[in-house]
1. Can you spot a residue in the stretch 81-98 that is under 16 Å from Q166 (Cβ atoms), within 9 Å of ligand 1 (Cβ to nearest atom) and exposed (fewer than 15 other Cβ atoms within 10 Å of the Cβ)?
2. Assuming L127 fulfils every condition listed in (1) over 25 Å from P55 (Cα atoms); (2) open to solvent by less than 60 Å² (accessible area, probe 1.4 Å) apart from one, which condition is it?
3. What residue, of D18, D22, D28, is within 8 Å of ligand 1 (Cβ to nearest atom) and either surrounded by 18 or more Cβ atoms within 10 Å (Cβ to Cβ) or more than 18 Å from D61 (Cα to Cα) (or both)?
4. Quick check: anything in the stretch 38-56 more than 8 Å from ligand 1 (Cβ to nearest atom) and touching a strand residue (DSSP E or B) at 6+ places or on another chain (Cβ under 9 Å)?
5. Suppose we filter I140, I95, I109 for residues that are among the hydrophobic types (A, V, I, L, M, F, W, C) and assigned to a helix (DSSP H, G or I); which single one remains?
6. Being crowded, with 16+ Cβ neighbours inside 10 Å, among the polar types (S, T, N, Q) and within 19 Å of the chain's Cα centre (by Cα) is true for just one of Q114, Q161, Q166. Which residue is that?
7. Looking at Y163, Y125, which is the one that is of a type in the set (F, W, Y), within 27 Å of K46 (Cα to Cα) and touching a residue at least 60 places away in the same chain (Cβ under 8 Å)?
8. Report, by residue number, each residue of the stretch 111-138 that is among the polar types (S, T, N, Q) and within 12 Å of ligand 1 (Cβ to nearest atom).
Amino acid sequence: MGPPGSGKGTVSERIVRDFGLDHLSSGDLLRSHIQNNTDIGKEAKKYIDKGHLVPDNLMVDLALKELEQRKSGWLLDGFPRTVSQAEVLSQNQTIDIVVNLDVPFETIIERIKQRWIHFASGRVYNLEFNPPKVPGKDDITGEPLMQREDDKPETVKARLQKYEEQTKPLIEYYSNLNKLQSFAGTETNVIWPVVKKYLEENFFKNK
Ligand code: G5P
Ligand code: MG
């Protein structure tokens, strides 16, 4: 977990690369529903475009259904995002470790301006930090990159505010359960080796 733009997607890609977990990003899942114009996508879009969270019941049903299809070893990115989502999740699944990315809002606002994504896969680029090999094109498929609708400065402001109000309480929730480890910093390349070492020593060593 972590605020919008803190690097959840970027760090998740590295965890998947190095540890081979199955990555489920709630944002990517919602965006694929929007792109396919499903009923869930139409409903979710109303909230996402304003920078609000989609309602808990919609999100929980969607995420739990996805997890049931995945046998073992998954990594959640962006879910749960409210205490009520976390409570339902814990009734259905076991969480081993919660990684919290603690990145200042000023850093996030600058990063998001430069973000481009490959919609179909969720691969994330940044014109400064990890630019695509060919400008405007996805490295793997060569398909065009896009900017997210909710990355407009006004919407980013709303997302950060919703994070403060609705998601930050989860830090205490998982801390009280002794599951949370926070990693503070402004650069993913500095945070990542520390996250990796922590996961190796505290989780994957016994797997
Ligand atoms: P999402 O899609 O989960 P957010 O807002 O939580 O959206 P986001 O924006 O996807 O999170 P991130 O994954 O944390 O950000 O960050 P990232 O994409 O890896 O990195 C951000 C940018 O910074 C990228 O361009 C990356 O390349 C760059 N970058 C990374 N590290 C560095 C660095 O060190 N330096 C620099 N310069 N750049 C760097 O959710 C979207 C919406 O869906 C709904 C909500 O409406 C939400 O707003 N939603 C939910 N609603 C209810 N409940 C849930 N559980 C929901 N999940 C999603
Ligand atoms: Mg993301």
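1. Filtering the stretch 81-98 for residues under 16 Å from Q166 (Cβ atoms) gives 81-89.
Still in the running and within 9 Å of ligand 1 (Cβ to nearest atom): 81-82, 85.
If we keep only those that are exposed (fewer than 15 other Cβ atoms within 10 Å of the Cβ) too, we end up with none.
No, the conditions are met nowhere in the stretch 81-98.
2. (2)
3. Unique residue meeting the criteria: D28.
4. no
5. None of the others qualify; the one that does is I109.
6. Of Q114, Q161, Q166, the one residue that is crowded, with 16+ Cβ neighbours inside 10 Å, among the polar types (S, T, N, Q) and within 19 Å of the chain's Cα centre (by Cα) is Q166.
7. Working: Y125 fails: touching a residue at least 60 places away in the same chain (Cβ under 8 Å).
When all the criteria are applied, what remains is Y163.
8. Passing the criteria: Q114, N126, N130.
The values are calculated or read from the model by the stated rules, or taken from the named source; none is laboratory data. Quick caveat: nothing in here was measured; it's all calculated off a predicted structure. Note: ideal-geometry Cβ built from the backbone for every residue, glycine included; neighbour counts use all protein chains shown. Accessible surface is based on the protein model in full, side chains and every heavy atom, while ligands, DNA and RNA are left aside. Shrake-Rupley method; radii C 1.70, N 1.55, O 1.52, S 1.80 Å.
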